[in-house]
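Okay, structure first, notes after.
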Ligand code: GCU
């Protein structure tokens, strides 16, 4: 037998075994059963086809997509982020202070949310609420650990009639390797294999649990956003929580809206992010170091969990680390899913000049996208301008023609 034929047969055999194993794994799906290891997974050099079921058949109808989405969710959690605890179901809010800000025409409230086993988990929450009766759309952001967003941004958010809800994701899970004695890890012990990004996404969900009990909040207009590692968490949170109408990761790159397979020099790769921040991910995600092509998913699959709800990414041309070519790639790949679901206008991206932050321009873009989505306002900008229009595409599949 020629070497090429042998390798081809070996490849096909490995692919068949892996698909069978993944199919078993995703149908059973208890968090404790580890999915097949990298040694059992076939290489997929291009971005994996999100429409291909684990058994090799392809999505044909919108109802099929729901089933495929469940498989993608299992793969994304099983390999990359780990599994979260179920919703705590017992979130309690304590208001610490409430002040009217007459210049801002808003009320600023400081709260503490407690939740989980024996209410052991708590997070600070700051709400800035426009004057008036509401109900208002709300922007949830977990980056209070880096300080509140700048006053000029808050002023714009309030002027546009949105509530800003800022919590501290590091209260939920400390952002360091040695984080087992606080937050969700202390409260739940070793029951779940969640890394920080998954724990933070869970935290977004608990803030939403509280917000939806408040009359001032329009439950149909919830936005999750965050910057960088906070953007990675916001993306996963929006992907998992179907109450979120619009998901807006900013500068999120590797493990966020970027791409693992398309990561040119000077951008953050899978190897780099896992080596520096192993505690952000499922503990076995490091098996893909040097084997990125064997990862059964890529970040377009994480994005696809959001569809057909809205997804908008904001980034900067100068933020090379966050990988513009890869973010463009995952945008184009995920757009196939949105188009298939008849929601092509619900995915967008925006690049500005400058570097790695979530600045006033990013918030202006977010608000423009949200105003169009929620209030049919005509935006002053386009949401489909590619950052590297001449870059080659790294996937050959396209969306199936939707059948009824
Ligand atoms: C590091 C890390 C990035 C992350 C960023 C941040 O640069 O490599 O993945 O997004 O920190 O959170 O600011």
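Quick note: the coordinates plus some simple rules give every number you see, no bench work behind them. What you see is a predicted model, and the numbers here were worked out from it, not measured in a lab. Note that we place each Cβ from the backbone using ideal geometry, even for glycine, and neighbour counts take in every protein chain shown.
Per residue, the chain reaches -10000 deg cm²/dmol at 222 nm when only DSSP H runs of four or more residues are counted, each adding -39500 (n - 2.57). Each peptide among 217-230, 133-146 gets the average number of other Cβ atoms lying within 10 Å of its residues, and from highest to lowest they stand as 217-230, 133-146. Each DSSP beta bridge with both residues in the chain is either parallel or antiparallel, and the antiparallel ones are about 50%. Of interest is the spacing of the C-alpha centroids, which for region 165-243 and region 332-404 amounts to 24 Å. The DSSP beta bridges internal to region 229-387 are antiparallel in roughly 0% of cases.
Here the residues 105, 356, ranked from fewest to most Cβ neighbours within 10 Å of their Cβ, fall in the order 105, 356. Taking the number of Cβ atoms within 10 Å of each Cβ as an exposure proxy, the fewest-first ranking of 330, 213, 128 is 213, 128, 330.
Just to verify a number: FRET efficiency for residue 293 and residue 339, C-beta to C-beta distance, R0 = 41 Å, to 0.05? That gives a FRET efficiency of 0.95. From least to most packed, judged by other beta carbons within 10 angstrom and beginning with the fewest, 378, 107 follow the order 378, 107.
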